[in-house]
Amino acid sequence: MARTAGPGLLATPSGWWLALALAGVPAAALHAILSLLAWRPLLKPAIAVLLLLAAGGAHFMWTYHVVIDSGMASNALQTDWHELRALLTPRLAATLAFGALLPAWLLWRRPVAYAPRGAQALRNAGGAVAALLLAAAPVLAGFQPLASAMRNHKQLRYLMNPLNTVYALARGAGGARSAGQPPLPVGLDARPADRGGRPPLLVLVLGETARADHLGLNGYARDTTPELAREGVASFRNAWACGTSTAASVPCMFSPFGREAFPARERDSENLLDVLRHAGLAVLWLDNQPGGCKGVCDRVPTVNTSALSDPALCASGECPDGVLLRGLDARLDALPAAERARGVVLVMHQMGSHGPAYAQRSPAGAKRFAPECASSQLPDCSTESIRNAYDNSIAYTDHVLGSTIRWLRGRDDYATALVYVSDHGESLGENNLYLHGLPYAPAPDTQKHVAWVTWLSQEAQRRAGVSGGCLAARAGVRVTHDHLSIRCWGCCRCGRRPTTGGSTRTRIAAIPSGLRTLREKPHAHSPPGLLPSTGVRSFLQNRRPRSPTMQSPTRGDRDGREFNTRQADPTRVVGNRADEVRDTCRELETTPELLSEAVRAVGYDGEKIQRYPAGERQLH
């Protein structure tokens, strides 16, 4: 049957105006910028820089089908040499040579006639005004289709090369200036809870670029996780990242804010690791990624293993993640004894499956799938070879995690647990997309759907009041990076020393300096039998994930429940119906003790939450 083609973009006058606007606005903007910079010491360097940005941006957009936004610019600025060298390919060199260096050299040889200073200033201003007026004509004539296109296809703004790179770098520079302020303190009055038995030892493994759908535990056709399967772990199949890049996800998942509130924060604050330190626990960050911890570990002891000279593991100049386990007992025993007696949190930041050089992420003896794509020029490789190289990196991560669990089983002086969660996912050629880092809204699920695995020893299960079978039964529940701080806090069993008597408002009044906190109701997500510190209460409340059915916060969704309508402002809290409290408790794999505490705390009357009368909430 013949198919009739619909009208194209240029079939109507409005389509012509839209096309002219999309082409004319970037050209006019570049003309205006260069007009303002048309001075003898500035013009040629400015054009050369724009040529380099345009050629580099074009290469990465054409090759990996990425877009250039502030997140991508932040990734580029924080990229270590070891990560950067995988992207330095002959095609990139050719693009820069013929697209930037050769035109810049020809431009430099051409003389430019400059007018006297006053006349040149008028000429520059006139050129900029003329360019803006020329851009205004197609914009006004095609405003309706242009506004609709930019509203419904926001990613178009990230394709306007090189303006996209200029804008992204400017935003990144602004963010870097604000990051220079000291972070706001969180949870200064946090204390470890004395639950008896052995102190907790939590290993938090921060994975890199691990997709949930490439784990054998989650039903993947290949058995990429045999060792984890033998250890009886719980794999959460419906886990979602805070961002699509390491620079976005890692600070977000450890912060007091959830994914929606984190980009809108006015100032950085301390994070989960700082709160654990305030509680007196021993914290150690082990980093095998040359790009570092993105500021998360700045205030805790840190060891970088990525550049160790271990001839057995690091013969190629890059250490695989197995190096994180070398000397782990000695590193643990070197931590302060008083802190170890309260509990230990070891964070292992992996190199994981970082691309595009997936083949370098697994040692030669650990490659189960062949042939591999050994090139960083992914479009030149077959889909099967890319998948083989990536799956080998996942299988090696399985070996590292299995080895870590076996090490934890041997530490019978602690109540041991392991939580593994990846920072983001990866595109492996689906829809002709590669790598990661797309803006969150248009990014495919492959860049946001991440691996999340939990293992608890028998003693850790006793302390947390949860069984491994219960965790496995909840494997399909939607979880996000917003849950990470709540779960780690529960594993470590920290809170404020319980007090009796006094109103809720009185107990909440001791706010750490500079930190806004809850003032309208008790927090319902603390671990069983614990009252979190005032800073911790604010920390956990801000991280409380929004309903997965809601794309934007509103006061009341389709089933009539009420939600926090100002996620970024923890001073204003809107009540939630008790069925949502129960759902949240189940999602966090909590116990009936916590559920009953939550229901008592909120005082459910059938429709609305009533703030519990002052002084009537009983503490365990």
- Exactly one condition in (1) small (G, A, S); (2) in contact with a helix residue (DSSP H, G or I) (Cβ under 9 Å, 6 or more places away or on another chain); (3) surrounded by fewer than 18 Cβ atoms within 10 Å (Cβ to Cβ) is not met by A364; state its number. (2)
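Among the residues in segment 318-327, are any more than 26 Å from L188 (Cβ to Cβ), of a type in the set (G, A, S) and free of Cβ contacts under 8 Å to residues at least 12 places away in the same chain?
Here is the first cut: in segment 318-327, the residues more than 26 Å from L188 (Cβ to Cβ) are 318-327.
Retained after the next criterion (residues that are of a type in the set (G, A, S)): 322, 327.
Pick out the ones that are also free of Cβ contacts under 8 Å to residues at least 12 places away in the same chain and you get 327.
Taking every residue of segment 318-327 in turn, at least one turns out to be more than 26 Å from L188 (Cβ to Cβ), of a type in the set (G, A, S) and free of Cβ contacts under 8 Å to residues at least 12 places away in the same chain.
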- Message: I'm checking my understanding of the structure. Among residues of segment 255-314 that are within 15 Å of the chain's Cα centre (by Cα) and among the aromatic types (F, W, Y), which one is nearest to A330 (Cα to Cα)?
- Response: F257
- Note on the structure: G56: passes all of (1) assigned to a helix (DSSP H, G or I); (2) in contact (Cβ under 8 Å) with a residue 60 or more places away in the chain; (3) buried (at least 21 other Cβ atoms within 10 Å of the Cβ) but (3)
- Task: State all residues of segment 1-22 that are open to solvent by 40 Å² or more (accessible area, probe 1.4 Å), within 16 Å of H153 (Cβ to Cβ) and at pLDDT 80 or above; if no residue qualifies, say none.
- Result: L22
- Note on the structure: Residues of segment 371-405 being open to solvent by less than 30 Å² (accessible area, probe 1.4 Å), in a helix (DSSP H, G or I) and at pLDDT below 95, in sequence order, are L378
- Message: Out of the helices (runs of 4 or more DSSP H) lying entirely within segment 190-294, which hold 3 or more residues that are more than 21 Å from S362 (Cα to Cα)?
- Response: 246-254, 272-278
- Message: Return the pair list, or none, for Cβ contacts closer than 9 Å from residues in segment 344-361 that are farther than 18 Å from L84 by Cβ and open to solvent by less than 10 Å² (accessible area, probe 1.4 Å) to residues that are of a type in the set (S, T, Y) and in a loop (DSSP other than H, G, I, E, B), at least 6 apart or on different chains.
- Response: V344/Y414
- If you take the residues of segment 415-442 that are open to solvent by 10 Å² or more (accessible area, probe 1.4 Å) and part of a loop (DSSP other than H, G, I, E, B), which of them is farthest from E260 (Cα to Cα)? G429
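The values are calculated or read from the model by the stated rules, or taken from the named source; none is laboratory data. Given the structure is predicted, the values throughout are model-derived calculations rather than measurements. Heads up, the Cβs are rebuilt from the backbone with ideal geometry, glycines too, and the neighbour counts pull from every protein chain shown. For the accessible areas, the whole protein counts, side chains as well, though only heavy atoms, and no ligand, DNA or RNA atoms are used. Shrake-Rupley method; radii C 1.70, N 1.55, O 1.52, S 1.80 Å.
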